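Since the structure comes first, as structure tokens, the remarks are kept for the end.
The values are calculated or read from the model by the stated rules, or taken from the named source; none is laboratory data. Note that the structure is predicted; figures quoted are calculated from it, not measured. Virtual Cβ from ideal backbone geometry, glycine too; neighbours counted across all protein chains shown. These area figures cover heavy atoms from the full protein model, side chains too; ligands, DNA and RNA do not enter into them. Shrake-Rupley method; radii C 1.70, N 1.55, O 1.52, S 1.80 Å.
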Amino acid sequence: MKPVYIINGFLDSGKTEFITYTLGQPYFQVRGKTLLIVCEEGENEYDEALLKKSNTILELIEEEEEFTSDKLIELEKKYKPERIIIEYNGMWNFKNMKMPWHWKVEQQITCIDASTFQMYYTNMRSLLAEMVRKSEMIIFNRCDGIEDLASYKRNVKAVNAGAEIIFEDSNGEIDEIFEDDLPYSLQDNPIKLNDQGYGIFYLDAMDHMERYEGKTLEFIAQVMIPKGFPTDYFVPGRMAMTCCADDMTFLGYACEYEGATKLQQKDWVKVTATIHTEYFAAYNGKGPVWHALSVEKVKAPKEEVISFV
């Protein structure tokens, strides 16, 4: 079987940049030739030096009628490549693509320019749907200034629920947590957080506190009472490993609780509390503050440290 990698997307969606980046990576410096079949010419061109260094041969097929199994077999016989990359034309209906029987698609990736996605989604939805239907990865690039990326994700997931979706802006990948990805329901009362859920909640609340304003949550936490903290306040939270065992940090928000003076450092408690954004002196401004409804002492959990590794 001949391994094939398909990179598709509309014109100027970032296909050439993605393939160029891939060809330049050390992991791509492999034995044998790579046949790169380009089905449209965009603004960016491939660098001849890069093609030579990566032992890549470029062939252009400009007309959809020419993209046939016979033509592809002809190119395979001519160059005898070890692998094939196809930069497919987004204006060609993907369901009409025909390849030789012995060519096996190893990976299909769709590149989407987020700044023009809504236009294509409105006017060329059928073409877009065929493009993303079998893609393992969908990369939205040029996301700068776009606020409702969650709706873009929902639109794509409606066609391909299993695809990995990546959002990128000019600074690189956007590490965004969408409501649909949360391991708990925001409609629950209380919202019960397990170990993984607490870590995700803590990170999400920093960016999207509006999701939690006034809601009641329940979680297992360790008690921390910072020096000089006001009476009737403590910090329930968890130690977290953010990248390695040597990089540990305590994740918690201030909590108002009239029985706080009876708590000891490092006690384990089950906290049920509502959360609000309000001024708190230790924050030097506004931030999330818990208001405890109940605090019960419990045994330490099996895994005392949560991990983001």
Worksheet item: Are any residues in the stretch 282-309 surrounded by 13 or more Cβ atoms within 10 Å (Cβ to Cβ) and among the hydroxyl-bearing types (S, T, Y), and if so, which ones?
Response: Y283, S307
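Can you name the residue in the stretch 247-275 that is under 31 Å from the mean Cα position of the chain (by Cα) and not hydrophobic (A, V, I, L, M, F, W, C) and is also farthest from E296 (Cα to Cα) among such residues? Please lay out each step first, then the result.
Restricting attention to the stretch 247-275, the residues satisfying the condition of being under 31 Å from the mean Cα position of the chain (by Cα) are 247-254, 271-275.
Those still in the list that are not hydrophobic (A, V, I, L, M, F, W, C) too: 247, 249, 252-253, 272, 274.
Values: D247: 29, T249: 24, G252: 17, Y253: 18, T272: 9, T274: 15 Å.
The extreme case among them is D247.
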Worksheet item: Scanning the stretch 248-281 for residues that are over 23 Å from L203 (Cα atoms) and in contact with a Ser or Thr (Cβ under 8 Å, 6 or more places away or on another chain), which turns out surrounded by the most Cβ atoms within 10 Å (Cβ to Cβ)?
Response: A260
Discussion item. Going residue by residue through the stretch 132-147, is there one that turns out to be surrounded by 14 or more Cβ atoms within 10 Å (Cβ to Cβ) and of a type in the set (S, T, N, Q)?
Written reply: yes
Item to complete: Please go through the stretch 1-27 and pick out each residue that is more than 22 Å from the chain's Cα centre (by Cα), touching a residue at least 60 places away in the same chain (Cβ under 8 Å) and crowded, with 20+ Cβ neighbours inside 10 Å.
Response: V4
Response to the item:
With criteria (1) open to solvent by 30 Å² or more (accessible area, probe 1.4 Å); (2) over 15 Å from the mean Cα position of the chain (by Cα), A205 comes up short on (1)
Worksheet item: Which condition number does Y212 fail, the rest of (1) touching a residue at least 24 places away in the same chain (Cβ under 8 Å); (2) touching a Phe, Trp or Tyr at 6+ places or on another chain (Cβ under 6 Å); (3) within 24 Å of H276 (Cβ to Cβ) being met?
Response: (2)
